[in-house]
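Some notes on the structure that comes next.
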2 protein chains.
Amino acid sequence: MTARLPSLLFASLLSVFSLNAQAEEGMWTFDNLPVDGLKANYQFTPDKVWVDHAMRASVNLGGCSASFISPQGLIMTNHHCVAGCLQQISSAKKNYLLDGFLARKNEDEMRCPVTEASRLEQITDVTNVVNAATKGLTGEAYKNAQNAIDAKLTADCVGDKAATVRCSVVTLYQGGQYHLYRYHRFSDVRLVWAPEEAASDFGGDPDNFNYPRFGLDASMLRAYENGKPAMVKDFFPFSADGAKAGDLVFTSGNPGRTNRLLTVSQLETLRDVGLISRIRNGYELRGNLTQYRKLGAEQARLGSNDLFFLENGLKVATGELAALQSPELMTAKRRDEVSLQKFVAASVAAKPAMKDTVGAWDAITKAQAVYRDMAREYNAIEGGQSFSTRYFALARTIVRGADERVKANGDRLPEFSSARLPLVERQISSPAPIYPEFEKLKLEFSLTKMRELLGTDDPFVVKVLGKESPEQVAKRLIDATKLGDAAFRKSLWAGDAAAIAQSDDPFIKLVREIDAQARAIRKRYENEVTAVVQKNAELIARARFAQLGSKVYPDATGTLRLSYGRADGWLERGKPVAPFTDFAGAFNRNTGAEPYALPPAWLAAKDKINLMQNYNFVSTNDIIGGNSGSPMINRNAEIVGLAFDGNVHSHGGSFWFDPKLNRTISVTSNGMREALKNIYGATELLAEINGK
Amino acid sequence: MTARLPSLLFASLLSVFSLNAQAEEGMWTFDNLPVDGLKANYQFTPDKVWVDHAMRASVNLGGCSASFISPQGLIMTNHHCVAGCLQQISSAKKNYLLDGFLARKNEDEMRCPVTEASRLEQITDVTNVVNAATKGLTGEAYKNAQNAIDAKLTADCVGDKAATVRCSVVTLYQGGQYHLYRYHRFSDVRLVWAPEEAASDFGGDPDNFNYPRFGLDASMLRAYENGKPAMVKDFFPFSADGAKAGDLVFTSGNPGRTNRLLTVSQLETLRDVGLISRIRNGYELRGNLTQYRKLGAEQARLGSNDLFFLENGLKVATGELAALQSPELMTAKRRDEVSLQKFVAASVAAKPAMKDTVGAWDAITKAQAVYRDMAREYNAIEGGQSFSTRYFALARTIVRGADERVKANGDRLPEFSSARLPLVERQISSPAPIYPEFEKLKLEFSLTKMRELLGTDDPFVVKVLGKESPEQVAKRLIDATKLGDAAFRKSLWAGDAAAIAQSDDPFIKLVREIDAQARAIRKRYENEVTAVVQKNAELIARARFAQLGSKVYPDATGTLRLSYGRADGWLERGKPVAPFTDFAGAFNRNTGAEPYALPPAWLAAKDKINLMQNYNFVSTNDIIGGNSGSPMINRNAEIVGLAFDGNVHSHGGSFWFDPKLNRTISVTSNGMREALKNIYGATELLAEINGK
């Protein structure tokens, strides 16, 4: 649905929008929390013990957030964060997405094939080291130096502990700061509990990003070490009472990406190129998946997860486009940009070093023009948009891996640096099944899009399709490939480039045939777009620090952030929306027809359930995609909820935050306990959560 | 594909764009041809005989263009203009879209169930009459007066000749002029020849709006009167030689709609509301249809026509959005708007009547805000977007028809005015089959979109869906309706409102249940949006005449226009595109895989065909959707081609015309004759075309 913001909103946004965070706005790094705002608004000042504890009780699931909630490594996250695992451990005979899952004892907990949990343990400021490495460099030299220093810092950080340590250099404030994050890895993660999809995703796509809401988007995992439940010192216990309206609540999670500090020309590129293309392709794929899933129960199962995330992403993209099309947003962005530019111009006399910054916006604008001109080719040839199948992704990883691993660590494509290889190897050796017929659908679709995008006569298209149709190519490649077999993949990965050159697997051959062209366009993109943008964004970021001081938070980067807010509804076109829903509401909303059909276990348990128990609630926390699964904690660092969505107004959150309308949606801690007790009879799990 | 116009283009456009038509720009009414431009550029001045002859040899097919090409009522148009007829006369056993059609004698010509041809015979300026009727009125009173004068003028024009005469009031220059058009109707139209879809649509969606091109998008119909071929005095004979590069060529056809005279606020509404919504829904429906067509040969046949027109429309919408997102276009539009506003402001002293015009742009902008606010509801409830099935359209026509026909002619909804009833009754009684399973796909899709657009809790959604899913509702309604039976529809149509109130047909009941709400939102839309826009657009149009004189052409209105140009290629990113293709190129492009698979008859005839014969060509004529099927004639009014498409740059043609890049694509007259002779062996047809 197009996020239509009432006109009053814009008036209010114009007055509140500012690069200087106000009210509950902000996704704050743990080493720079908004203590003044917290103190002023909520009379609360987290001490170092509180902060360190919250950091170490939080979990990163790679694209999702989570938290430890018991000393035996029990992890709480959203159902939609474990949907991939549920699909991977399901089969045509047993569908855990449909039926749910509950392990009553440790031995019954099922390992997720690729899921990995990590806990942030240390943050080190390496800004000076990175700046020294890239000083005075531009274009390719700048990009190479950045890759090299990244590879060195992460390799040194991991040392010989690759099995248990993960490190990455995080670019904060668009390059204003570089921090080295060290994580503890938990690579053995097992499923403990998941409700039926009909309960977790009750309301489906129509209710997604809407409120009031009635979803049990919750699940439990357990981290294992050495084959036993991982013992953790830091975890969040459940609050005895949960939260009530007005309570101060925090999310501690990993927001994936915001675009609040982008320049106006970058926002325009997103509006005119990126979002439109995502919307066109995504809606068309949605139609294909919808019909494919009607072919039978097995096709419905295979397409379920892809469709869920596609629909979610389409709502976001549509909402973001609406935000970028509102003249109010662009006017505010231009005003702030001009203000910073004036500040820079006025500072040059006193600080001659700022001279370079004067031209930074212009340089980024020019890089956008380069990108607009090459976007089709880049996305089709290197971006992988033409080959939307896991076989291709695996083949490219194998082919490039062999080429890259023989190079010095600092010279490799960054995704093959030594610190990242363990994650790559997990993908190669994953036992998760791949379904050829479903992959054909996606590959045929993306090959069709490739031809549409580049044109029938484009040499790349001619090379890939030859005299065949997209359908014929997809069938021929997938019928012949052996890349669905993890053992086969591992044997190729173990070989060198010469061995891979001998392979007659059709995807390996395809990647080899197009890789020179793909690498060339990637290099051009990185040198003429990425490097230019990043170098100049660094200059702008430093100017922003000079203008506004440190009371600015960085754009989301998929790493740990704290946001604070209060449980509170909002005014929707003048009508108040209550902050809490209850179980009675879920039963009222039940029609028996998908996606409003409560599962049989719920209908059977209706008499046992406390229908007045609170179930979902909204709060003023500033979150975004990637925050899914974030624990919602109170000032005592106790679980009062589990964040799983934002309301419709949160789509604009990619570009700004409006405390009046933007809301986080969570399952209440009381609601989870009610369901575990009276619907799922999860006695043992409940005892563990309750610390008994 | 996003129409990416190279940056050079914008520089050139900025210099050529002007409300004052230049070079080949313009879709001219036959009573105001650009004689000065024609004389200056081509030393040609059409006399009255030439103009009257061209007007009467031209044919309107309702959404498509066509022309008489023999004195026995033979009509030439595009294959895609008769695709609907081909589908209607096909069945699961015989697929004329796939196989093509050829009648060697009159008795074998097959009647198209709903196709109607009409010939424009008279244009009368009724501007003063319309203005007098609406003078001093606003809002609902203005709208009612307009409907009433429209109904009166057309009823008087048709008189008692409804079987052979059609009349309509055409709003030119956004209300600057009102003309009454009188047509001769040919309601018995039969199919004579159509090639296989694989030949007519060779290259399919990938080649659509692209060039070079190799499509035989041609077909022949015949108008009948009293059961015999209609004898016509005015027709275009085929040219002996066809056209060559540089030749002056005309299209005489019915461009459907352009938006060149819209205000900036109207263009912004189109960009932000209309196009995005069309793109989202359309691409998703495309995905659904693509998979549906894979279910089997019959499903492929049923979905073929819908998919063709959907894909065509999506390319247009995407191209239009790209044009509206280009800052260059909006800058030029704003500049012209400001220029006209200054002219108005300066004129007020001398012409006090222009005082009202000063606020016209502002009034239109406010009406746009009203529309933006109500667009979702309007489109879902009255616009028919929620019920995308022929059953619903027929049911609404039947229910409203009964309510409207008892009213005085001038008080009716305009679509039921006496002059329009014959066309409505053709739809009701059409023997064209409706396929329930295919209708379910479309209805389920549109009901899903309705819920997405309005939200699950919207009262209208609750009324339509109740406790069911979109799939369940679609199945229930379609399984029970009898509206697929033309006799049943005719019996309902023959009854009055009381009789219809008794009907238990589920679509009739649905329409009755929602019609009050639908009519209410329509009334609000017409009074607060349409009436305001039209009244103020009239003022702006008059000011534009005052500023620029009469050398302006009106936006396209689906009525007869002449455009002139020359056969000529263009420079695509610096590389010349040759104006003509030949048959050898078609065989070179043949891969054997759809959509690049020439039909068997072509492969068999390859040795007989003159491969060097020209086949398709491009020219600088200014056309747009609706011009499909337009004859391309030379200065002797002889057929040299058949227009069927524009190049990729023509998408911007909705908003402006760029003579450097915008091209019309036609089949050459020689190419048609070559195919008829050496591939289809259509000896009799060829003899008729050649006047023998």
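Taking the numbered list (1) at pLDDT 95 or above; (2) surrounded by fewer than 22 Cβ atoms within 10 Å (Cβ to Cβ) in turn, A:ARG166 passes all entries but (2).
Every residue, every condition in (1) aromatic (Phe, Trp, Tyr); (2) touching a residue at least 12 places away in the same chain (Cβ under 8 Å); (3) over 30 Å from B:VAL264 (Cα atoms); (4) surrounded by 18 or more Cβ atoms within 10 Å (Cβ to Cβ), yes or no:
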position: B:LYS575; (1), (2), (3), (4): no, no, yes, no
position: B:PRO579; (1), (2), (3), (4): no, yes, yes, yes
position: B:ASN616; (1), (2), (3), (4): no, yes, yes, yes
position: B:ILE633; (1), (2), (3), (4): no, yes, yes, yes
position: B:GLY652; (1), (2), (3), (4): no, yes, no, yes
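Of all residues in the stretch A:67-79, none satisfies being out of contact with any His (no Cβ under 9 Å at 6 or more places or on another chain), at pLDDT below 95 and either more than 30 Å from A:PRO206 (Cβ to Cβ) or away from every other protein chain (no Cβ under 14 Å) (or both). Considering (1) buried (at least 17 other Cβ atoms within 10 Å of the Cβ); (2) in contact with a helix residue (DSSP H, G or I) (Cβ under 8 Å, 6 or more places away or on another chain); (3) within 14 Å of chain B (Cβ to nearest Cβ), the lone condition that A:ARG412 does not fulfil carries the number (3). Please enumerate the residues belonging to the stretch A:117-158 that are without any contact (Cβ under 8 Å) to a residue 12 or more places away in the chain and small (Gly, Ala, Ser). Hits for the stretch A:117-158 are A:ALA132, A:GLY136, A:ALA141.
Yes/no matrix, rows are residues, columns are (1) out of contact with any Lys or Arg (no Cβ under 6 Å at 6 or more places or on another chain); (2) under 17 Å from B:ARG420 (Cβ atoms); (3) surrounded by fewer than 15 Cβ atoms within 10 Å (Cβ to Cβ); (4) at pLDDT below 95:
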site	(1), (2), (3), (4)
B:LYS94	yes, no, yes, no
B:LEU98	yes, no, no, no
B:PHE101	yes, no, no, no
B:LYS105	yes, no, yes, no
B:GLU109	no, no, no, no
B:VAL130	yes, no, no, no
B:ALA141	yes, no, yes, no
B:ASP156	yes, yes, yes, no
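Screening B:ARG522 on (1) more than 24 Å from B:ARG376 (Cα to Cα); (2) away from chain A (no Cβ under 14 Å); (3) not β-branched (Val, Ile, Thr) shows it passes everything except condition (1).
Among the conditions (1) touching a residue at least 60 places away in the same chain (Cβ under 8 Å); (2) part of a strand (DSSP E or B), B:VAL169 misses just one, which is (1). In the stretch B:40-48, the count of residues that are at pLDDT 95 or above and within 24 Å of the chain's Cα centre (by Cα) is zero. Looking at the stretch A:57-153, the strands (runs of 3 or more DSSP E) lying wholly inside it that each contain 2 or more residues that are more than 28 Å from A:GLY691 (Cβ to Cβ) sit at A:117-125.
Could you tell me how many of the residues in the stretch B:581-611 are of a type outside the set (A, V, I, L, M), in contact (Cβ under 8 Å) with a residue 40 or more places away in the chain, within 16 Å of B:ASN678 (Cβ to Cβ) and assigned to a loop (DSSP other than H, G, I, E, B)? The qualifying residues number 3.
Within the stretch B:316-327, the set of residues being more than 15 Å from B:ASN662 (Cβ to Cβ) and in contact (Cβ under 8 Å) with a residue 40 or more places away in the chain comprises B:ALA317, B:THR318, B:LEU321, B:LEU324, B:GLN325. Scanning the stretch B:423-448 for residues that are in contact (Cβ under 8 Å) with a residue 24 or more places away in the chain and either at the interface with another protein chain (Cβ under 10 Å from one of its Cβ atoms) or touching a strand residue (DSSP E or B) at 6+ places or on another chain (Cβ under 8 Å) (or both) turns up B:LEU423, B:LEU441, B:GLU444, B:PHE445.
Considering each of A:LEU492, A:LEU483, A:LEU510 in turn, give the residue that is buried (at least 20 other Cβ atoms within 10 Å of the Cβ), at pLDDT 95 or above, within 31 Å of the chain's Cα centre (by Cα) and not in a helix (DSSP H, G or I). The match here is A:LEU483. Total residues in the stretch A:172-215 satisfying the condition of being assigned to a loop (DSSP other than H, G, I, E, B) and either over 20 Å from the mean Cα position of the chain (by Cα) or not aromatic (Phe, Trp, Tyr) (or both): the figure is 14.
For A:ALA601, the criteria (1) among the hydrophobic types (A, V, I, L, M, F, W, C); (2) closer than 22 Å to A:ALA682 by Cβ; (3) surrounded by fewer than 16 Cβ atoms within 10 Å (Cβ to Cβ) hold in every case but one, which is (3). Has the stretch A:604-616 got any residue that is hydroxyl-bearing (Ser, Thr, Tyr) and in contact with a strand residue (DSSP E or B) (Cβ under 6 Å, 6 or more places away or on another chain)? Checked against the condition, which is being hydroxyl-bearing (Ser, Thr, Tyr) and in contact with a strand residue (DSSP E or B) (Cβ under 6 Å, 6 or more places away or on another chain), the stretch A:604-616 yields at least one hit. Contact annotation: residue pairs with Cβ atoms under 8 Å, 6 or more positions apart or on different chains, pairing a residue in the stretch A:27-42 that is more than 23 Å from A:ALA245 (Cα to Cα) with a partner that is among the β-branched types (Val, Ile, Thr) and at pLDDT 90 or above, are A:THR29/A:ILE123; A:THR29/A:THR559; A:PHE30/A:VAL51; A:PHE30/A:ILE123; A:ASP31/A:ILE123; A:LEU33/A:VAL51.
For the stretch B:451-468, the count of residues that are of a type in the set (Ser, Thr, Tyr) and either over 30 Å from A:PRO595 (Cα atoms) or surrounded by 21 or more Cβ atoms within 10 Å (Cβ to Cβ) (or both) is zero. If you go through the stretch A:373-384 and keep only what is more than 21 Å from A:ASP505 (Cα to Cα) and either at pLDDT below 95 or over 22 Å from the mean Cα position of the chain (by Cα) (or both), you end up with A:ASP373, A:MET374, A:ALA375, A:ARG376, A:GLU377, A:TYR378, A:ALA380, A:GLY383. Strands (runs of 3 or more DSSP E) fully within the stretch A:612-686 that include at least 3 residues being more than 17 Å from the chain's Cα centre (by Cα): A:614-619, A:639-646, A:664-668. Taken as a whole, the structure places B:PHE202 among residues that are under 27 Å from B:PHE309 (Cβ atoms) and touching a residue at least 24 places away in the same chain (Cβ under 8 Å). I'd like to know if the stretch A:386-399 contains one or more residues that are closer than 20 Å to A:TRP493 by Cβ, surrounded by fewer than 17 Cβ atoms within 10 Å (Cβ to Cβ) and more than 14 Å from chain B (Cβ to nearest Cβ). Checking the stretch A:386-399: at least one residue is closer than 20 Å to A:TRP493 by Cβ, surrounded by fewer than 17 Cβ atoms within 10 Å (Cβ to Cβ) and more than 14 Å from chain B (Cβ to nearest Cβ).
The residues of the stretch A:243-299 that are touching a residue at least 12 places away in the same chain (Cβ under 8 Å), farther than 30 Å from A:THR331 by Cα and either within 14 Å of chain B (Cβ to nearest Cβ) or among the acidic types (Asp, Glu) (or both), listed by number, are A:ASP247, A:GLU284, A:LEU285, A:ARG286, A:ASN288, A:LEU289, A:THR290, A:TYR292, A:ARG293, A:GLU298, A:GLN299.
Selection of the stretch A:364-385 for residues being surrounded by fewer than 20 Cβ atoms within 10 Å (Cβ to Cβ), of a type in the set (A, V, I, L, M, F, W, C) and out of contact with any Asp or Glu (no Cβ under 9 Å at 6 or more places or on another chain) yields only A:ALA369.
The values are calculated or read from the model by the stated rules, or taken from the named source; none is laboratory data. Everything numeric here is computed off the predicted structure, so don't read it as measured data. Positions of Cβ are generated from backbone atoms using ideal geometry, with glycine treated the same way; all protein chains shown enter the neighbour counts.
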